[in-house]
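Quick note: the coordinates plus some simple rules give every number you see, no bench work behind them. Computed from a predicted structure; not experimentally measured. Please note: Cβ atoms are built from the backbone with ideal geometry, for glycine as well, and neighbour counts cover all protein chains shown.
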Amino acid sequence: MKIPQLLVRYLYTNRKMSLPGLGIFTLDKSVILPDENDRNLHSTPNAVQFQNANIVAADKELIAFICEQTGKIKPLAISDLDSYLNLGMEMLNIGKPFYLEGIGTITKNKVGKFDFSPGEYSLIKETSSSADHDKKKVYAKDKRQPTETLPVQNRTGLKILAFISALVIVGLGGWMMYKKNSPAVSETNPVSGSVVQQQVPVPTDTLKKDSLRKDSAKILIADTPHPVAVLHEGTPYKFIILSTDDKPRAMRRYNQLIGFNLKAHYYHVDSTYKVFFQFPALARDTTHIKDSLRKEYAANVTIEKE
């Protein structure tokens, strides 16, 4: 399930939702959500209300809800939500509306505040009901299938077993005939029956060269000291997951990470703010760590040496 659908479902369930960078959405207490089986649903005007507010990080309950519905870990759930909201903020900054499915539409006014127009919420209930109905039909179909195909599978198994048995019998008979008719290849001793092996003469020069090589190898082994393994500790690296000149965005990302007990850091040079993780690593491992962080946090990761 995608982030927009999760947000509207969370709002309908909890009647209140805080989104970083936007504000607080509230479902009016007087609104009674229709039953899932009701096909004649009608939207209620002004059911969802919006309040401008400086929200730094999403509620832990919202992140836990996304993790439960998608099966993802917390960092991935935070990254998905942050990517969706950042895309909406970019649309608002260029003068376009940000449409939240099942909730409403947000626009940015000349003062820099957000205006909200409520939308319809009834379609989500009908869609989920029809989806559950389709799942029940598929489950019932799969439940009937094994009993119908059981006799056919038994007959097929017997045929395969008979074919394999015939192959084994034919192969065993052929091997016994070959063993009986094949002539003796090796020359055996009439007394002990063991195979007689003839020794190949070795030239004298070759024996001398081998003796010299063995002696020189012994000298080298005795004189050469054993190499000592040197252990190198990892060099501290900064793995930067966000680099921006937008200070509120950098602080919001930093607060999100530390809010979930992640050891994130940040610093700024001139007007550039950077959020990063720092830990020691070997140079050959930095590429693997960089790729892992890029997949985990859906960000363009760069590396700086301490």
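Summary of computed values
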| read-out | value |
| --- | --- |
| Ranked by how many other beta carbons lie within 10 Å on average, peptides 72-84, 292-304 from highest | 72-84, 292-304 |
| Listed residue pairs exceeding 26 Å between alpha carbons, taken from K2/K305; K2/K74; K238/K295; K72/K263; K72/K96; K16/K295 | K2/K305; K72/K96; K16/K295 |
